[in-house]
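The values are calculated or read from the model by the stated rules, or taken from the named source; none is laboratory data. Note that the coordinates shown come from a computational prediction; the quantities given were computed from them, not determined experimentally. Side chains included, ligands, DNA and RNA excluded: accessible areas come from the protein's heavy atoms. Shrake-Rupley method; radii C 1.70, N 1.55, O 1.52, S 1.80 Å.
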Amino acid sequence: MEPVRLSKRMAELGLCSRREADSYIEQGWVKVDGEVAVLGQKVQPHNLIEVDKKAQDAQASRVTILLNKPMGYVSAQAEDGYEPAVVLVKPENQWSEDKSRRRFSPQHLKGLAPAGRLDIDSVGLLILTQDGRVAKQLIGENSSVDKEYLVRVEGELSDEGLRLLNHGLELDGKKLLPATVAWQNEDQLRFVLREGKKRQIRRMCELVGLRVVGLKRIRIGKVKLGNLPTGQWRYLRDDESF
């Protein structure tokens, strides 16, 4: 096999993200076959990669936050006068029933970024993380973590339209992965998706003659929104995983 960059190999092994790997290498925290690695170094599968405990401690201190995003906030960078959802991560908005036992620190905002998008006019579970491993798991190229939504719609949906929502639609010239779509009640559908194209659910509904009037994400992988109040947040607990 052709040699690959050490940072890429570390990400493939699930040790950290590529950006984190470069940082660890710069700080002398990575060894390859017993020798301190250098930035840009290339490796092969048989090379032994060791990561110093300092890097492991740095990873352990990184936080992942669950936010119940209200309408009117964008997921990432501020745009068109709208604030990013991360501005809601402040002590007074931490859920009083947060069982993580973590105390808020301004350091928890450093490098905190959304792992996935949630449109400005959508609400519900948004994940913000400092941990590149979590980001890769949720939005990496090979991510298989599913997301569940409750979607209020207007319009008539035929049996054929429902079948197409489950499998058979295309967006941007590409076939969508199979989804699980079923009626939750008379005006609300439940979607479970395994991909996250821009405004995917709204565009899927348009293709079958429906208009989305409300969209709420309630689960990502094994982590549920639960009773987390709108506009409040909590830490991902140590016993939770996606």
*If one puts a single equal scatterer on every Cα of segment 90-197 and applies the Debye formula without solvent, what log₁₀ I(q)/I(0) results at q = 0.12, 0.15, 0.18 Å⁻¹?*
-0.59, -0.84, -1.05
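Take the alpha carbon atoms of the chain, find their radius of gyration, then divide it by 2.2 N^0.38 Å using N residues; give the quotient.
1.16
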*Apportionment of accessible area to carbon and sulfur, segment 190-242, percent (1.4 Å)*: 42
*Scaled radius of gyration (Cα, divided by 2.2 N^0.38 Å) that segment 29-112 gives*: 1.61
*Leaving out same-chain residues fewer than 8 places away, which lysines sit with a Cα under 24 Å from that of residue 90?*
69, 99, 110, 216, 224
*Once phi is turned into θ = phi - 60°, what whole-Hz ³J(HN,Hα) does the Karplus curve with 6.51, -1.76 and 1.60 give for every residue of segment 165-182, x standing for Gly and Pro?*
4, 6, 5, x, 8, 10, 10, 6, x, 10, 5, 7, 5, x, 10, 10, 10, 8
*asked:* Using the Karplus curve 6.51 cos²θ - 1.76 cosθ + 1.60 with θ = phi - 60°, what ³J(HN,Hα) values do you get for each residue of segment 235-242, in whole Hz, with x for Gly and Pro?
replied: 7, 5, 6, 5, 8, 10, 8, 7
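Quick check: residue separation of residue 171 and residue 99 times 0.36 nm, minus the Cα distance between them. What number comes out in nm?
21.9 nm
Counting heavy atoms of the protein chains only and a 1.4 Å probe, report the per residue accessible area for the chain as a whole number of Å².
Per-residue value: 57 Å².
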*Return the carbon/sulfur percentage of the accessible area of segment 1-120, one whole number, probe 1.4 Å, all protein chains in place.*
48
*What is the projected area of the convex hull of the Cα atoms of segment 180-242, averaged over all directions, in nm²?*
5.7
*Rounded, prolate or oblate: which fits segment 33-72, taking a ≥ b ≥ c as square roots of the Cα gyration tensor eigenvalues, rounded meaning a/c under 1.5, else prolate when a/b beats b/c?*
prolate
